[in-house]
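See structure below.
The values are calculated or read from the model by the stated rules, or taken from the named source; none is laboratory data. All values reported here derive from a predicted model rather than from experimental measurement. With ideal geometry, Cβ positions are generated from the backbone for all residues, glycine too; neighbour counts draw on all protein chains shown.
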């Protein structure tokens, strides 16, 4: 079997495609400063726009499904991997996103703990906040693409942002309100 031939256990993806999936998530792991969700725009570009392994709606639904489930916020990564290439895609995406960042975090935490009062360490931790916010805002922009044509959805997003900015209301109430609005077709 040639290196680029379709692999029966990978939903028609070739070994080169599986390596590309793993490698891309490996690189994204090092950029996931605000968590894996902060890299969703590039995942969208890679999986939907560049390779067309899944569609726009499937990408957004995968993230919504995983975010609605209890557990860590990176649960959407294995769902995306599963949708691309089944169990092997799940494994490639999950190991790819976890391995580098876990090793880097472990090493940096040990190093930073011994130097926590250093000016460089304090400056680094304070400087990461704007980067994290920018990445999370770009994620919100990408995830809102399928719903931007709907006035109801746009109003719901704006109302949610306003409530979150001005109150200390638990976000679960807003998620529930969004679910009700969606169930009744108001979005």
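Some notes on this structure:
- Pick from segment 93-120, criterion closer than 23 Å to residue 53 by Cβ and more than 15 Å from the chain's Cα centre (by Cα), ranking: surrounded by the most Cβ atoms within 10 Å (Cβ to Cβ): 100
- Of all the residues in segment 50-60, those that are surrounded by fewer than 18 Cβ atoms within 10 Å (Cβ to Cβ) and either touching a residue at least 60 places away in the same chain (Cβ under 8 Å) or out of contact with any helix residue (DSSP H, G or I) (no Cβ under 9 Å at 6 or more places or on another chain) (or both) number 4.
- Pairs are defined by a Cβ separation below 9 Å, a sequence spacing of at least 6 or placement on different chains, a first member in segment 157-178 that is modelled with pLDDT of 90 or more, and a second member that is surrounded by 10 or more Cβ atoms within 10 Å (Cβ to Cβ) and not in a helix (DSSP H, G or I); the pairs so defined are 163/169.
- Of all residues in segment 127-143, none are outside any helix (DSSP H, G or I) and closer than 30 Å to residue 18 by Cα.
- Count - residues of segment 27-82 that are within 10 Å of the chain's Cα centre (by Cα) and not in a helix (DSSP H, G or I): 3
- Lone qualifier among 120, 87, 183, 91 - being within 21 Å of residue 37 (Cβ to Cβ) and out of contact with any strand residue (DSSP E or B) (no Cβ under 8 Å at 6 or more places or on another chain): 91
- Filter result for residue 111 (touching a helix residue (DSSP H, G or I) at 6+ places or on another chain (Cβ under 8 Å) and on the phi < 0 side of the Ramachandran plot): no
- Candidate set: segment 144-181, residues that are outside any helix (DSSP H, G or I) and under 25 Å from residue 62 (Cα atoms); chosen: the one nearest to the chain's Cα centre (by Cα): 144
- Picking from residues in segment 1-31 that are surrounded by fewer than 21 Cβ atoms within 10 Å (Cβ to Cβ), touching a helix residue (DSSP H, G or I) at 6+ places or on another chain (Cβ under 7 Å) and modelled with pLDDT under 90, the one that is farthest from residue 67 (Cα to Cα) is 3.
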